[in-house]
1. In percent, what relative contact order does the stretch 28-312 have, based on Cα pairs under 8 Å that are 6 or more apart in sequence?
2. Dividing the alpha-carbon radius of gyration of the stretch 28-312 by 2.2 N^0.38 Å (N being the number of residues), what value is obtained?
3. At a 10 angstrom cut-off on C-beta neighbours, averaged per residue, how do the peptides 161-167, 125-131, 47-53 rank from highest to lowest?
4. Express in nm, to one decimal, how much length is gained between His240 and Gln198 on full extension, taking 0.36 nm for each residue of separation and deducting their alpha carbon distance.
5. Could you order peptides 65-73, 272-280, 133-141, 241-249 by the average number of other Cβ atoms within 10 Å of their residues, highest first?
6. Between beta-carbons, use under 10 Å as the cut-off and find the net charge around Ser220, counting Lys and Arg +1, Asp and Glu -1.
7. What does the net charge come to around Leu195 if you take all other residues with beta carbon closer than 14 Å to its beta carbon, with K and R at +1 and D and E at -1?
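Each reported figure results from applying straightforward, stated rules to the coordinates on display, with no laboratory input. Predicted, not measured: the structure shown is a model, and the values here were computed from it. Please note: Cβ atoms are built from the backbone with ideal geometry, for glycine as well, and neighbour counts cover all protein chains shown.
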Amino acid sequence: MKEQLAVPRAEFRSYYGKQILKTPVWNWMIAAYLFTGGLSAGSAMLAAGADLTGLPGLRRVSRIGSLLSVLASLYFLIADLGRPERFHHMLRVAKPSSPMSVGTWILSAYGPGSGVAAVAEVMPKRLRRTWLGRLVSRSARPAGLWAAATAPGVASYTAVLLSQTAVPAWREAHPYLPFVFTGSAAASGGGLGMLLAQPAETGPARRMAVVGAALEVTASRVMEQRIGLSAEAYTTGRVHRLRQLSEALTVGGAVGAVLGRRRAVTAVSGAALLVGSALQRFAVFEAGVESIRDPKYVVVPQRERVDARERTGV
C-alpha cells in the first residue's frame, strides 16, 4: 500500500527567501575584459590570415587592433583586481586545475606575439634600418602566427573561468559558453577588419565575421533551450533585451558582410558586429549576477538532482 503523506511536500526555496550565494564582487570591467580579450583574439587570427594571403592593409589594422584590445583587456582585469601586483603574483605558480591560473599564462604567452607583430606595423622607417628594427621586422610573421595559434585559448578560456564558479547561470551553461565566446570573438575580429580596412581587402574579414556570427547565435540559442531553469536568467528582463539587441546587430552585421561591397555598408556592418559582440558579453555577465540574487536558481536544480538520484538509486 502506498504511503500517504500527512502534509504536502515542502516547496523549499531558501531560508526565508534570502539570497544563498554571495553576489560576485566583479563589476562592469569584467564584462569589458571579456569583450576586449575576445576582440583581440579574433583580430590576431585574422591578421595572421591576412599576412599569409598578402593583404597588408587588413594585416595592419588587425595587428594593431589585436594589441590595443589585449592591452585594454589587461587594464580592465588588473583594475578590477584592485592591486596590479595580483596579476604578477598569479604568474609565480601554474595550477592546471585553476582556470584563472591557466588563463593568466595563456594571456602571458599570447601578449608578446601580438605586441611584436603590432610594433612592426607602426615602427618608423628610420628605426627599421637599425639592427633592432630589422630584428622586429623579421620576427613579425612568426610572432603573428604565434599569437594566432594561442588566440583560441584567449577567446575561450574566459568562458571556462565563468563556468567553474558557483553562479548558476554560468555553471549550467558550461557546455555552450565556450562556443558562444569563440563565435563572438571571431565576429568581432572580422567586424573590426571590415570597419577599418579598405573594402578590397575585407574578404577574409567578412567571411570570418559570418562564420563567427553563425556560431555565436546558434550556440546562444541552443544554450537557452538546454540549460533548464537557469535559462530564465537569460530570457527575462534587461538581460533578455540586451541579448535580443545583440542578436539583431550580429545577424544584421553578418547579412551586411555577405551582401555589402561598398565602403559604407561594410563599415556599418563591422560596427554592428562589434557592438553585438560587446552586448553578448555584457548580457552573459549580467545573467550570472541575476541568477545569484534569486535563490530558486540555486535550490531548484539541487532538489531536482537529489530527486533524480533517489529515483535511480545512484
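1. After rounding, I find 21 percent.
2. On the way: Rg = 20.0 Å, N = 285, 2.2 N^0.38 = 18.8 Å.
With N residues counted in the stretch 28-312, Rg over 2.2 N^0.38 Å equals 1.06.
3. The packing order, highest mean first, is 47-53, 161-167, 125-131.
4. Value of the extension gain: 11.6 nm.
5. Numbers: 65-73: 23.2, 272-280: 26.7, 133-141: 15.4, 241-249: 18.2.
Answer by packing, highest mean first, reads 272-280, 65-73, 241-249, 133-141.
6. So the environment of Ser220 carries a net charge of -1.
7. Numbers: positive: Arg60, Arg206, Arg262, Arg263; negative: Glu201.
That works out to +3.
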